[in-house]
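**Student:** Here it is, the structure, as structure tokens.
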Amino acid sequence: MSEDFDAVVDDAQSRAVLGLAWGGVARFAEMLADQGELRGLIGPRELPRLWTRHVVNSAAVAQFLPAEGSVADVGSGAGLPGVVLALMRPELDVHLIEPMERRITWLSEVVEELDLDNVQLHHGRAEELHGRLKVSVATARAVAALDKLARMTLPLVEPGGRLLAQKGRRAAEEVSRADSVLRQLGGANVRIHEVDLLGDGDVTRVVEVLKTR
Ligand SMILES: C[S@@+](CC[C@H](N)C(=O)[O-])C[C@H]1O[C@@H](n2cnc3c(N)ncnc32)[C@H](O)[C@@H]1O
């Protein structure tokens, strides 16, 4: 790790958030800092805030994950939040779903480098896995508005499981627009959690939807 990068990732707050996974997550962030822009995974303007805004931010979902079971991260892209969650919760089976070939190639390199034996990659769209994959929880970050996201993800969730979608400031608006779609798909008990992971006022919203049937 370069000294500069080391200084950025080695802060007490992110160590507290990531716990034992900190080292693996820091290595993942280092890979992204090295190659993310070159490989079209992250915009150049995002690089300075790669660690806080993207990598550590992906941990916001972890506290809502079940004690055991499986997770499908839909539209995983560079591996956010799926790779971070797989590192934090090695006892969960994590499926990363991503249609873009070069992103799947990247994810397979990350899985190998980080020795992630709880991760399975799926090259394709989430819809192609409907009826073939069922998980306890679907996660998604920056993939689609909640109504579209619900159509993509809820068919992957087993009854009693949940969708955990990372959303921006418009989370409440997206929830009201998705109301009828959620009902059609057996989504209920919608809650919006506001998470300030690093205690710096930068709030991430996690929309939680229970799948009833
Ligand atoms: C803006 S990127 C976000 C990537 C990552 N989740 C993040 O937070 O950085 C959206 C990703 O969703 C993927 N995607 C788009 N439609 C999809 C679908 N129907 N099923 C699965 N992934 C999809 C895209 O290929 C892209 O990698």
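**Student:** Looking at the stretch 116-134, which of its residues are more than 14 Å from the ligand (Cβ to nearest atom) and closer than 26 Å to Gly24 by Cβ? Working first, answer last.
**Tutor:** Applying the first criterion (more than 14 Å from the ligand (Cβ to nearest atom)) to the stretch 116-134 yields 116-120, 131, 134.
Answer for the stretch 116-134, where residues must be more than 14 Å from the ligand (Cβ to nearest atom) and closer than 26 Å to Gly24 by Cβ: Leu116, Asp117, Asn118, Val119, Gln120.
**Student:** Just a yes or no: is a residue in the stretch 109-126 surrounded by fewer than 21 Cβ atoms within 10 Å (Cβ to Cβ) and over 25 Å from His54 (Cα atoms)?
**Tutor:** no
**Student:** Would you mention how many residues in the stretch 135-157 are buried (at least 16 other Cβ atoms within 10 Å of the Cβ) and not in a helix (DSSP H, G or I)?
**Tutor:** 10
**Student:** Further question: Which residues, counting only those in the stretch 39-72, are open to solvent by 50 Å² or more (accessible area, probe 1.4 Å) and over 22 Å from Ala7 (Cα atoms)?
**Tutor:** Hits for the stretch 39-72 are Arg39, Gln63, Ala67, Glu68.
**Student:** Oh, and also: Is it true that some residue in the stretch 12-22 is among the charged types (D, E, K, R) and within 13 Å of the ligand (Cβ to nearest atom)?
**Tutor:** First pass over the stretch 12-22, keeping only residues among the charged types (D, E, K, R): 15.
Subset that is within 13 Å of the ligand (Cβ to nearest atom): none.
Within the stretch 12-22, none of the residues are among the charged types (D, E, K, R) and within 13 Å of the ligand (Cβ to nearest atom).
**Student:** Could you count how many residues in the stretch 59-80 are under 9 Å from the mean Cα position of the chain (by Cα) and of a type in the set (Val, Ile, Thr)?
**Tutor:** Counting residues in the stretch 59-80 that are under 9 Å from the mean Cα position of the chain (by Cα) and of a type in the set (Val, Ile, Thr) gives 2.
**Student:** If you take the residues of the stretch 160-184 that are out of contact with any Leu (no Cβ under 9 Å at 6 or more places or on another chain) and basic (Lys, Arg), which of them is most open to solvent (accessible area, probe 1.4 Å)?
**Tutor:** Here the answer is Arg169.
**Student:** Which one is modelled with the lowest pLDDT among residues in the stretch 196-213 that are within 20 Å of Arg162 (Cβ to Cβ) and of a type in the set (D, E, K, R)?
**Tutor:** Step one: of the stretch 196-213, the residues within 20 Å of Arg162 (Cβ to Cβ) are 197, 204-213.
Next, from what is left, pick out any that are of a type in the set (D, E, K, R): 205, 208, 211, 213.
Values: Arg205: 98, Glu208: 98, Lys211: 98, Arg213: 95.
Ranking the candidates gives Arg213 first.
**Student:** Might you let me know whether the stretch 42-64 holds any residue that is more than 13 Å from the ligand (Cβ to nearest atom), of a type outside the set (Lys, Arg), free of Cβ contacts under 8 Å to residues at least 60 places away in the same chain and not in a helix (DSSP H, G or I)?
**Tutor:** For the stretch 42-64, residues more than 13 Å from the ligand (Cβ to nearest atom), of a type outside the set (Lys, Arg), free of Cβ contacts under 8 Å to residues at least 60 places away in the same chain and not in a helix (DSSP H, G or I): absent.
**Student:** Sticking with this one: Could you count how many residues in the stretch 143-159 are within 14 Å of the ligand (Cβ to nearest atom) and either touching a Leu at 6+ places or on another chain (Cβ under 6 Å) or under 18 Å from Val94 (Cα atoms) (or both)?
**Tutor:** 7
The values are calculated or read from the model by the stated rules, or taken from the named source; none is laboratory data. All values reported here derive from a predicted model rather than from experimental measurement. Quick reminder, even Gly has a Cβ in these numbers, built from the backbone with ideal geometry, and neighbours come from all protein chains shown. Note: accessible area is taken over every heavy atom of the protein model, side chains too, but ligands, DNA and RNA are not part of it. Shrake-Rupley method; radii C 1.70, N 1.55, O 1.52, S 1.80 Å.
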